[in-house]
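Let me begin by presenting the structure, written as structure tokens, before commenting on it.
Read the figures in this text as sums done on the coordinates, not as results from a lab. Remember, it's a predicted structure, so these values are computed and weren't measured experimentally. Quick reminder, even Gly has a Cβ in these numbers, built from the backbone with ideal geometry, and neighbours come from all protein chains shown.
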């Protein structure tokens with residue numbers, strides 16, 4: 001293990017820089033790091049950014065004796081966006097890959113993506129893949145949407161082409177981003193939620209940016225309430241304000257779906273009250289472009305709260321151990 005001060009400390013270009021932000025999860029981040037070392041493609045560096053004082057994680061990573069591992073401890077917590085930006089700034093790779101500390105890669109992750117025809121490091125390229133969502137309900141492969149992004153990117157991310165297809169969720173631990181694109185678009189500083197979709201929407205607005213998704217699962221995404229994911233914390237006002245700030249990156253159709261499936265769900269979780277629900281419905285109708293399907297989801301999330309949906313998913317998973325309900 002080594003510490004890196006800046007990206008000028010090496011004279012050679014590494015093919016892939018792997019950025020892993022972490023804090024207070026030494027066992028999980030070690031598993032994540034070991035999954036990178038298990039890759040069939042071995043030309044990489046790993047940059048673990050410890051987001052604030054965390055002696056246990058530093059000690060756990062000191063046990064790994066490999067010069068490709070660089071650990072950057074931050075004196076104070078900066079949050080996920082800034083921790084990732086710190087890792088990007090220290091990286092030297094032609095490509096930057098991301099891995100959340102509680103996820104892990106399958107051995108062919110890098111090799112499969114780098115072999116994709118779109119993998120041209122001199123262009124603004126964003127590569128991803130399918131992933132295995134692993135939870136107490138079992139495993140399922142996501143996303144189930146069509147991998148052909150022939151529609152506006154905001155609609156690919158948020159609109160549902162059918163009641164069972166789900167969205168085009170592009171999970172962060174599957175990302176492989178070319179140097180021109182990651183240098184053009186960094187994560188929004190101090191953003192407490194939506195860090196991934198915020199970056200993707202801005203990145204795909206870059207001229208000539210290309211998205212390619214390898215149609216096989218290459219990452220294990222551990223979906224568990226025990227790991228404290230930020231995405232589990234309901235805050236409908238934050239979601240709505242973020243949407244309004246970024247409305248230029250959404251089509252009106254995607255705007256309606258976001259209000260229906262994200263803002264309304266959070267408002268119901270928080271029991272925000274009739275005033276909040278009414279404001280969301282008005283925005284859904286006046287600023288978006290509602291469809292029958294987005295109206296269905298607005299009613300679904302408003303009237304069918306998460307505990308009821310969780311029980312439904314559990315019943316569906318009981319016979320086989322694998323959940324297949326897209327309307328989560």
dims of region 69-165, Cα set, principal axes, largest to smallest, nearest Å -> 47, 39, 28
For region 7-227, how big is the tail of P(r) above 26 Å, as a whole percent of Cα pairs? 32 percent
Shape of region 49-93 from its Cα gyration tensor (a ≥ b ≥ c, root eigenvalues): rounded if a/c is under 1.5, otherwise prolate when a/b > b/c, or oblate? oblate
Potential extension, residue 286-residue 34 segment - 0.36 nm per residue separation minus Cα distance: 85.7 nm
Provide the gained length on full extension for the span residue 303 to residue 270, in nm with one decimal, where the gain is 0.36 nm per separating residue minus the Cα-Cα distance. 10.5 nm
Rounded Å value of the spacing that divides the Cα centres of region 148-213 and region 54-111: 21 Å
Proxy exposure order for 169, 255, 304 (fewest C-beta within 10 Å first) is 304, 169, 255
Evaluate E = 1/(1 + (r/R0)^6) for residue 41 and residue 208, where r is the Cβ-Cβ distance and R0 equals 30 Å; express this FRET efficiency to the nearest 0.05. 0.70
Using a cut-off of under 20 Å, list every residue of region 69-84 whose amide N is near the label point 7 Å from the Cα of residue 183 along the Cα-to-beta-carbon line. 84
At R0 = 25 Å, how high is the FRET efficiency between residue 252 and residue 141 if r is their beta carbon distance? Nearest 0.05 is fine. 0.20
Just want the ordering: 245, 186, from fewest to most Cβ atoms lying within 10 Å of their own Cβ. 245, 186
Modelled FRET efficiency - R0 30 Å, residue 191 with residue 14, Cβ distances, 0.05 increments: 0.60
Give me the distance in nm between label points sitting 7 Å out from Cα along the Cα-to-Cβ direction at residue 76 and residue 241, one decimal. 2.1 nm
